[in-house]
1. Taking a 21 Å limit on the Cα-Cα distance, which of the listed pairs K87/K272; K215/K250; K28/K215; K215/K247; K124/K250; K87/K245 fall beyond it?
2. Per residue, what accessible area does the chain have, given a 1.4 Å probe and all protein chains present, in Å²?
3. So what is the calculated 222 nm ellipticity per residue for the chain, using -39500 (n - 2.57) for each DSSP H run with n of 4 or more, over all residues, to the nearest 500 deg cm²/dmol?
4. Accessible area of T45, 1.4 Å probe, to the nearest 10 Å²?
5. Where nothing but the Cβ of Lys and Arg (+1) and of Asp and Glu (-1) is charged, how large is the charge dipole of the chain around its Cα centre, in debye to the nearest 20?
6. Within the chain, what percent of beta bridges assigned by DSSP are antiparallel, to the nearest 5?
7. Which whole-number percent gives the relative contact order of region 123-253, counting Cα pairs below 8 Å spaced six or more residues apart?
8. Under the 0.36 nm per residue contour assumption, what length would be gained going from the current alpha-carbon distance of D71 and Q290 to full extension?
Amino acid sequence: MFRSVNDIPSALNSAFKMTLDYIYGRPKGPLPDAVAATRRLLGMTDESIRRDVYELIQWLREQPDLPNTLDGVELEWWMENYLVINKNDVNRVKENLPVYFQLKTILPEVMNNRDPKLDDDMIKGYSSTLLALIPTIMDGGRKLGVFTHRPGTPASDYNPVGIAKQLTCIADLLLAQGMDHIRLVLVMDLKTLRLGHLARYPVGILRRFFLYAWKAYPERVAQIHIINPPVILSAGLALFKPFLKAKIRKRIIIHRDIDSLFEQVPIKYMPKDYGGESPSMIELHEAWRQKIIDHQLYLKTCVAKHRVLQQT
């Protein structure tokens, strides 16, 4: 049985990062608390996981255009995590999984060159924004993410494609290492949003991203909280709302003061920048950036191998 990267002794960690001889798989022994909790909340048991994963793998092998296995991961473990992100719905997995494999050709602008050290889109994305994923899981299996534009950086440096690349990398690593949540709660701090930021969005890519990437990585968004709303908020909402499903649009909550946010998102989970107990925005932002750098070989394998088969 393979172990997750988190279980590898630090002295050996760098060696594993340099080769795909290591396969991401189910950890030995009990699952990490947050990972195990997501399965309990979804009503998943060891027996149901074995049954459903077996069915899905057999189904996958019957699809002539899809790969029989996934390089770099233990297929049973990856499929279990994909079942989690699909709310423990086998039929939903069968609907979304082909899109996961097709995404490499549907969105090459996002899926290719996902290297934070070398890709200009990602370099600009990281240098002009802050994205913090809180490691502590909230009640109900909710994971908190906080996003803001960095103050003092020109809007011309903002790169939404780089942000999209970052998000798909995070999703790929969670599927390989263990889904630890059921739904996302997003806090968007728009204090420094400018019209120049909105002008940077390529509408064609944005449309394909919301239509296909969200289906390939079907994260459930429980709420979107907007704090420090700018005067141009209506313009920002007008840009995004056409691409959002009606149920997601209904989950957007605008807060005129931050205290109303804390009535729904306990302050202790927020980054210390907002008075919370979690690490700072920059610390969490850089931690995920480094993680994406450390796992470049696997992320490149995802693009090269986790895709629709070439027709002969």
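1. Flagged as over cut-off: K87/K272; K28/K215; K124/K250.
2. 47 Å²
3. The helix-only estimate for the chain comes to -13000 deg cm²/dmol at 222 nm.
4. Taking all protein chains as shown, T45 has close to 70 Å².
5. Roughly 860 debye, rounded to the nearest 20.
6. Restricted to the chain, the bridges split so that about 25 percent are antiparallel.
7. Normalised by residue count, the contact order of region 123-253 is 26 percent.
8. 76.6 nm
The values are calculated or read from the model by the stated rules, or taken from the named source; none is laboratory data. These figures come from a predicted structure and were not determined experimentally. Using ideal geometry, Cβ is built from the backbone for each residue, glycine included, and neighbour counts are taken over all protein chains shown. These accessible areas exclude ligands, DNA and RNA; they are computed on the full protein's heavy atoms, side chains included. Shrake-Rupley method; radii C 1.70, N 1.55, O 1.52, S 1.80 Å.
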